[in-house]
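The block underneath contains the structure these notes are about, expressed in structure tokens.
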Amino acid sequence: MYELIRGINSPADIKRMNKEDLSNLAKDIRKFLIKKISATGGHLASNLGVVELTLALHKVFDSPEDKIIWDVGHQAYVHKILTGRQDGFDSLRQYGGMSGFPKESESQHDIFDTGHSSTSISVALGLACARDIQKQKHQVIAVIGDGAFTGGMAIEALNNLGYLNKNMIVILNDNEMSIDKNTGAFSSYMSKIMMNSDTLIMKENIDKFMNMTQIGSKISKRANRLTDSIFTSLSPSECGLIDALGIKYFGPIDGHNIEELVETLEFIKNVDGPKFIHVKTVKGKGYKFAQDHPEDYHGVGKFDYRTGVKPGKTRSISSIVGITLAEMANYNENIIAITAAMPTGTGLNIFSKLHPDRYFDVGIAEQHATTFAAGLAKAGLKPYFAVYSSFLQRGYDQLIHDVCITSKPVTFLIDRAGLVGNDGETHHGIFDLSYLNPIPNLTVMAPMDSQEMIDMIRFSERMDSPLAIRYPRGSEYIISQKDYDFCKIDREPFDSYSIGQPQVLIDEVRPLKGNNNLRKVAIISIGNMMKPVLDILPDLRKEYRESHNGQDFELILLNARYLKPLNVDTYLDILGSVDNVISLEDNVVTGGFGSSILKLLSENHLDTRLDIFAVPDKFIGHGNTDILMDKLGLSPSKIKDRILKILE
């Protein structure tokens with residue numbers, strides 16, 4: 001099985017293959033990807049769509065001397081196969097295994113680490129300029145999807161490419177999808193290029209002219225595929241944007257015709273200056289389930305490839321966000337929902353079906369989405385921008401400049417906060433508490449469970465200033481009183497008078513009910529770190545008593561709920577009543593919740609010991625979230641052991 005794949009150790013092996021071999025290899029690769037990804041999870045549909053394109057690239061160009069940059073990088077699995085990493089697919093995206101994105105540390109053929117969208121053209125242009133300064137001759141190619149092409153950074157880079165007139169190639173992989181269906185004027189513009197009848201008539205006229213003589217007929221038959229590829233470059237009026245930028249447009253090209261792709265690339269690599277190749281592909285090609293429903297097979301967990309991906313039995317946290325917001329919009333006509341090309345991932349696909357006139361998918365454009373929301377708020381509406389934590393990083397200037405300086409009532413629903421697992425460094429949401437903390441006028445909340453998240457979102461409707469609510473990826477979970485009868489879990493309503501106030505789940509110290517001879521400890525958790533604390537608390541106290549001659553410690557357990565503002569009086573009362581304070585967060589240690597507690601201690605000259613349990617000051621790789629949390633000392637068992645050591 002996969003005999004052709006097993007014979008591939010480097011791109012040099014591709015160059016020896018003929019058309020038939022390449023076609024058979026493409027079939028082999030698709031079978032390989034379906035089988036392997038079903039066992040590990042990963043990005044399936046996008047990779048099934050670029051098999052022939054990747055084969056053609058490695059057939060024509062000389063990697064790694066020629067530089068191929070994969071935008072986002074989730075569609076680079078075929079590239080990894082062709083560069084000798086087939087064995088790595090058994091551990092794809094697993095802890096210690098092969099990354100699901102290009103990694104410079106993994107292979108010399110991975111020219112640049114990617115993970116977020118719209119960066120490839122900028123990187124490629126930098127490499128092309130460096131090549132020319134260093135008087136080198138290699139080719140530089142950026143491969144970008146039509147979804148990523150809606151990102152402003154890609155257009156900025158194209159504009160600069162046209163101005164600099166550098167010799168490089170931009171390949172648009174157009175499958176009419178990003179993760180969900182593409183939106184925006186540029187997507188419509190590319191569709192017009194595909195469908196314009198004048199362009200098709202022009203191509204037919206070229207063919208007729210070539211067939212007027214015997215020699216021309218022979219040339220026509222040989223070159224027909226090539227004219228299919230390049231005829232639109234002769235008609236700049238039909239590709240006005242690209243042409244206006246000074247970039248030669250070629251296409252559209254059938255992205256599943258290897259022979260056409262190879263001939264086109266061979267021709268174009270000898271054309272000087274910036275080139276733009278428009279390649280049409282089918283996302284999920286070769287696997288019916290993925291081809292029929294590509295959005296369901298963009299990023300998948302483990303599944304049975306014979307029956308396809310089945311719906312989960314539990315609701316996701318993201319879907320609860322969409323349901324809650326849609327319910328609020330039923331009675332509040334001012335509520336607006338915004339996504340930056342992630343409707344399903346953020347749960348807003350639910351909102352879009354019920355309130356399509358108040359739903360906006362702005363494409364991969366977090367900067368625009370943030371300021372767009374500010375404009376809506378200025379006009380008296382109530383905008384909600386649902387966005388992944390790592391993607392909001394791109395809208396940071398707009399968050400400060402356009403929302404918070406003038407205190408516009410925009411609510412940011414920050415999904416994928418904390419570690420997200422298999423996608424690794426580029427997707428972990430471990431910086432948001434730190435980058436939100438210093439911004440004036442901004443309230444930041446983090447729920448301990450799904451019910452508290454719902455309560456916070458409902459409370460947000462009454463906020464007349466900027467608000468961020470951050471929550472993790474995963475299935476819904478409820479921290480219930482019956483499961484944790486040793487503490488008091490009241491569903492206290494949120495109101496403007498309780499902003500900054502933590503929720504007290506256990507208080508054995510105040511007021512004056514503590515035993516002066518017992519050690520007094522405050523454990524303060526923010527967000528979803530509360531559940532692991534509650535899970536280990538009975539064993540923690542049992543093991544503490546066993547090592548202290550039956551003597552217990554007195555505990556104050558707080559659910560912080562707010563990163564900022566903090567109710568200073570409440571916190572100072574608690575911090576001054578205990579011997580030890582332990583804070584827990586799934587954010588980097590620098591600048592997050594623990595830093596805020598440390599600031600309170602320092603400013604008020606309290607010498608209470610503080611231990612901050614947080615993600616260390618480094619980038620965290622890919623892997624199962626439970627494994628990663630354990631390695632970072634943040635799993636339930638590691639939290640228990642660390643607390644016991646502190647209390648020795």
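Can you name every residue in the stretch 313-340 that is within 22 Å of residue 427 (Cβ to Cβ) and part of a helix (DSSP H, G or I)?
Of everything in the stretch 313-340, those that are within 22 Å of residue 427 (Cβ to Cβ) and part of a helix (DSSP H, G or I) turn out to be 317, 318, 319, 320, 321, 322.
Restricting the first residue to the stretch 358-383 and requiring it to be without any contact (Cβ under 8 Å) to a residue 40 or more places away in the chain and under 19 Å from residue 147 (Cβ atoms), which pairs with a second residue that is of a type in the set (A, V, I, L, M) and not in a helix (DSSP H, G or I) meet a Cβ separation below 6 Å and a spacing of at least six or different chains?
Every condition considered, the pairs that remain are 359/337; 360/338; 366/340; 369/338; 369/340; 369/362.
Out of the stretch 557-577, which residues are under 18 Å from residue 492 (Cβ atoms) and either polar (S, T, N, Q) or assigned by the TED database to the domain that holds residue 432 (or both)?
Within the stretch 557-577, 559, 567, 570 qualify.
Using the structure shown, decide if residue 80 is without any contact (Cβ under 8 Å) to a residue 60 or more places away in the chain, in contact with a helix residue (DSSP H, G or I) (Cβ under 8 Å, 6 or more places away or on another chain) and under 27 Å from residue 136 (Cβ atoms).
So residue 80 fits the description; yes.
Residues that are in contact with a strand residue (DSSP E or B) (Cβ under 9 Å, 6 or more places away or on another chain) and basic (Lys, Arg): does the stretch 288-297 have at least one?
yes
Has the stretch 523-534 got any residue that is surrounded by fewer than 18 Cβ atoms within 10 Å (Cβ to Cβ), under 22 Å from residue 579 (Cα atoms) and in the same structural domain as residue 560 (by the TED database)?
No; the residues of the stretch 523-534 include none that is surrounded by fewer than 18 Cβ atoms within 10 Å (Cβ to Cβ), under 22 Å from residue 579 (Cα atoms) and in the same structural domain as residue 560 (by the TED database).
Looking at residue 337 and the list (1) without any contact (Cβ under 8 Å) to a residue 12 or more places away in the chain; (2) farther than 29 Å from residue 47 by Cα, which single condition is not satisfied?
Here residue 337 clears every test but (1).
Report, by residue number, each residue of the stretch 267-286 that is over 17 Å from residue 176 (Cα atoms), out of contact with any Leu (no Cβ under 8 Å at 6 or more places or on another chain) and crowded, with 17+ Cβ neighbours inside 10 Å.
Hits for the stretch 267-286 are 268, 275.
Would you tally the residues in the stretch 586-645 being aromatic (Phe, Trp, Tyr) and closer than 17 Å to residue 537 by Cα?
Adding up the residues that qualify gives 1.
For the stretch 386-404, indicate whether the set of residues that are out of contact with any His (no Cβ under 7 Å at 6 or more places or on another chain), farther than 21 Å from residue 152 by Cβ and buried (at least 21 other Cβ atoms within 10 Å of the Cβ) is non-empty.
No, the stretch 386-404 contains no residue that is out of contact with any His (no Cβ under 7 Å at 6 or more places or on another chain), farther than 21 Å from residue 152 by Cβ and buried (at least 21 other Cβ atoms within 10 Å of the Cβ).
Within the stretch 413-426, is there a residue that is among the small types (Gly, Ala, Ser) and exposed (fewer than 15 other Cβ atoms within 10 Å of the Cβ)?
Scanning the stretch 413-426 turns up no residue that is among the small types (Gly, Ala, Ser) and exposed (fewer than 15 other Cβ atoms within 10 Å of the Cβ).
Going through 483, 490, 464 one at a time, which residue ends up being more than 25 Å from the chain's Cα centre (by Cα), acidic (Asp, Glu) and within 30 Å of residue 397 (Cβ to Cβ)? Outline the logic, then answer.
Values: 483 fails: within 30 Å of residue 397 (Cβ to Cβ); 490 fails: within 30 Å of residue 397 (Cβ to Cβ).
Being more than 25 Å from the chain's Cα centre (by Cα), acidic (Asp, Glu) and within 30 Å of residue 397 (Cβ to Cβ) holds for just one of 483, 490, 464, which is 464.
Given the criteria aliphatic (A, V, I, L, M), surrounded by 14 or more Cβ atoms within 10 Å (Cβ to Cβ), touching a Pro at 6+ places or on another chain (Cβ under 8 Å) and closer than 20 Å to residue 416 by Cα, does residue 615 qualify?
No.
Pick out the one residue from 621, 594, 550 that is in the same structural domain as residue 520 (by the TED database), part of a loop (DSSP other than H, G, I, E, B) and under 30 Å from the mean Cα position of the chain (by Cα).
The conditions single out 621.
Regarding residue 427, is this residue under 26 Å from residue 75 (Cα atoms) and outside the structural domain of residue 75 (by the TED database)?
yes
Residue 637: more than 26 Å from residue 436 (Cα to Cα) and within 30 Å of the chain's Cα centre (by Cα), yes or no?
Numbers: more than 26 Å from residue 436 (Cα to Cα): yes; within 30 Å of the chain's Cα centre (by Cα): yes.
In short, yes.
What residue, among those in the stretch 114-140 that are touching a residue at least 60 places away in the same chain (Cβ under 8 Å) and either at positive phi or assigned to a loop (DSSP other than H, G, I, E, B) (or both), is surrounded by the fewest Cβ atoms within 10 Å (Cβ to Cβ)?
Filtering the stretch 114-140 for residues that are touching a residue at least 60 places away in the same chain (Cβ under 8 Å) and either at positive phi or assigned to a loop (DSSP other than H, G, I, E, B) (or both), the one surrounded by the fewest Cβ atoms within 10 Å (Cβ to Cβ) comes out as 138.
Restricting to the stretch 462-508, count the residues that are part of a helix (DSSP H, G or I) and aromatic (Phe, Trp, Tyr).
1
In the stretch 9-54, which residues are in contact (Cβ under 8 Å) with a residue 12 or more places away in the chain and either outside the structural domain of residue 109 (by the TED database) or basic (Lys, Arg) (or both)?
Hits for the stretch 9-54 are 15, 19, 27, 30, 31, 35, 36.
Do the conditions hold for residue 310, that is, is it part of a loop (DSSP other than H, G, I, E, B), at pLDDT below 90 and under 28 Å from residue 37 (Cβ atoms)?
yes
Output the residues belonging to the stretch 553-579 that are surrounded by 19 or more Cβ atoms within 10 Å (Cβ to Cβ) and not in a loop (DSSP other than H, G, I, E, B).
Across the stretch 553-579, the qualifying residues are 554, 555, 556, 557, 558, 559, 562, 563, 564, 571, 574, 575.
The values are calculated or read from the model by the stated rules, or taken from the named source; none is laboratory data. No experiment lies behind these values; they were computed from the predicted model shown. Positions of Cβ are backbone-derived with ideal geometry, glycine not excepted, and every protein chain shown enters the neighbour counts.
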